[in-house]
1. Considering only residues of the range 82-105 that are aliphatic (A, V, I, L, M) and surrounded by 13 or more Cβ atoms within 10 Å (Cβ to Cβ), which is farthest from Gly136 (Cα to Cα)?
2. One residue is enough: does the range 132-148 have a residue meeting the conditions part of a strand (DSSP E or B), in contact (Cβ under 8 Å) with a residue 40 or more places away in the chain and of a type in the set (S, T, N, Q)?
3. Report yes if Arg28 is modelled with pLDDT of 85 or more and charged (D, E, K, R), otherwise no.
4. Being at pLDDT 85 or above, open to solvent by 80 Å² or more (accessible area, probe 1.4 Å) and of a type in the set (Asp, Glu) is the filter here, so list the residues in the range 321-378 that pass it.
5. Residues of the range 271-318 being farther than 28 Å from Gln177 by Cβ and among the small types (Gly, Ala, Ser), which ones?
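The values are calculated or read from the model by the stated rules, or taken from the named source; none is laboratory data. Given the structure is predicted, the values throughout are model-derived calculations rather than measurements. Methodologically, a virtual Cβ is constructed for each residue, glycine included, from the backbone with ideal geometry; neighbour enumeration extends over all protein chains shown. Heads up: the accessible areas ignore ligands, DNA and RNA and are worked out on the full protein's heavy atoms, side chains in. Shrake-Rupley method; radii C 1.70, N 1.55, O 1.52, S 1.80 Å.
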Amino acid sequence: MVAVEDRFSKLKILKDIAEKLNEGTDLRGVLHDVLTMLLSITEFKTGWIFLIDKKGKNELAAYENLPSALTRDDFKPMCSNNCWCVSKFMRGTLDRATNIMECKRLEDAIHFNSGETFGLTHHATVPLRAGDEAFGLLNVASPHKSQFNKNELDLLESVAYQIGTAIKRIQLHALEQETAIAAERNRLARDLHDSVNQLLFSVSLTARAGKEMSKETEIKETFGYIQEMSQTALAEMKALIWQLRPKGLENGVVHALTSYGNMIGLKVHSEIQGLIALPSKVEEAIWRIGQEAFNNCKKHSGQKEVFVRIRVNKLTLHLEIWDKGKGCLLPGMDELPSMGLETMKERTRSLNGTFRIDSMEEKGTRIIAEIPIQEGKT
């Protein structure tokens with residue numbers, strides 16, 4: 001009878017957690033809610049979830065009831081890769097729910113007397129997986145508890161599988177959103193080209209005809225002014241359409257940048273070393289960074305030539321864009337002088353890359369970005 005009750009209790013826990021996991025698409029919010037629910041309906045008291053990338057960098061994605069020894073210095077003890085569970089995960093030897101004899105983070109906290117541990121010394125750990133993909137770890141602990149029984153480990157394994165499946169679903173949802181955004185950009189670009197772009201072209205032709213037909217100087221000047229303004233607006237519209245849908249990106253980002261540079265009146269000199277098929281997010285970032293850099297060169301450098309160098313190896317893409325123009329004196333990197341430069345830096349950092357600008361008056365400007373390439377990422 002007790003075994004039957006335990007089974008129904010486990011099924012109810014799994015049902016409640018499954019419903020929660022299917023509710024949202026905000027990954028960290030979902031992980032936090034599920035962890036809170038797991039602790040509230042079981043005898044576990046403390047828990048935390050690590051998301052771990054392929055290089056072994058772990059991120060504390062959710063936590064509940066962590067002792068102060070692990071939250072001190074803005075969660076510094078939880079940001080280190082120096083622990084046994086993450087090490088086992090990265091070696092591929094952690095493939096099921098496991099009793100960890102001692103927690104290295106808690107052991108260090110006790111050894112160095114660095115804060116309250118609430119009597120926690122051990123934890124159970126289980127990988128978050130979906131098929132052949134591994135996303136991170138679920139860890140749970142209770143005060144003065146050094147061993148987790150088979151039923152507890154089985155429950156954790158089932159919950160972790162549900163979490164892994166939910167992570168995969170949320171990632172696919174994010175990819176679908178990106179695809180939908182790209183499709184909407186393409187639609188808007190087509191609409192602008194077919195309507196506003198054509199109207200501006202017609203205005204330019206009409207103004208030109210009016211200028212040629214008019215005999216009075218003032219009228220000719222007015223038509224000339226209209227023609228000049230419409231041509232300027234037409235050029236701006238073409239650039240906007242390029243920003244929405246970079247024509248030629250399907251042939252590679254270097255081809256797209258070269259075409260864009262030529263369109264805005266720049267001669268592009270490119271050097272490519274080891275260029276391979278890039279993840280779409282990396283390619284998109286290079287395109288946007290290059291586009292903004294070319295625009296700055298066109299507006300501020302006083303030059304009509306721009307230089308691009310891309311070097312790619314298995315782990316990293318190195319991008320340099322520079323001109324030999326006027327240059328400028330830059331403040332510290334924390335306060336970039338324009339929104340465009342700040343956007344370039346943020347795009348690079350969003351992909352865990354580094355970004356810097358070297359510029360001196362009359363000696364040109366150089367933009368340098370290092371972006372890690374994560375294999376298998378789209």
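1. Initially, the range 82-105 is screened for residues aliphatic (A, V, I, L, M), giving 86, 90, 94, 97, 100-101.
After this cut, where a residue has to be surrounded by 13 or more Cβ atoms within 10 Å (Cβ to Cβ) as well, the list is 86, 90, 94, 97, 100.
Numbers: Val86: 8, Met90: 10, Leu94: 11, Ala97: 13, Ile100: 16 Å.
Selected residue: Ile100.
2. So in the range 132-148, the residues part of a strand (DSSP E or B) come out as 133-141.
Add one more test, that the residue is in contact (Cβ under 8 Å) with a residue 40 or more places away in the chain, and what stays is 134-141.
If we keep only those that are of a type in the set (S, T, N, Q) as well, we get 139.
Checked the range 132-148: at least one residue is part of a strand (DSSP E or B), in contact (Cβ under 8 Å) with a residue 40 or more places away in the chain and of a type in the set (S, T, N, Q).
3. Values: modelled with pLDDT of 85 or more: yes; charged (D, E, K, R): yes.
When the stated conditions are applied, Arg28 passes them.
4. Keep residues of the range 321-378 that are at pLDDT 85 or above, which gives 321-325, 344-358, 364-372.
Add one more test, that the residue is open to solvent by 80 Å² or more (accessible area, probe 1.4 Å), and what stays is 324, 346-347, 349-350, 352, 354, 356.
The one that is at pLDDT 85 or above, open to solvent by 80 Å² or more (accessible area, probe 1.4 Å) and of a type in the set (Asp, Glu): Glu346.
5. Once the filter is applied, which keeps residues that are farther than 28 Å from Gln177 by Cβ and among the small types (Gly, Ala, Ser), the range 271-318 yields Gly274, Ser301, Gly302.
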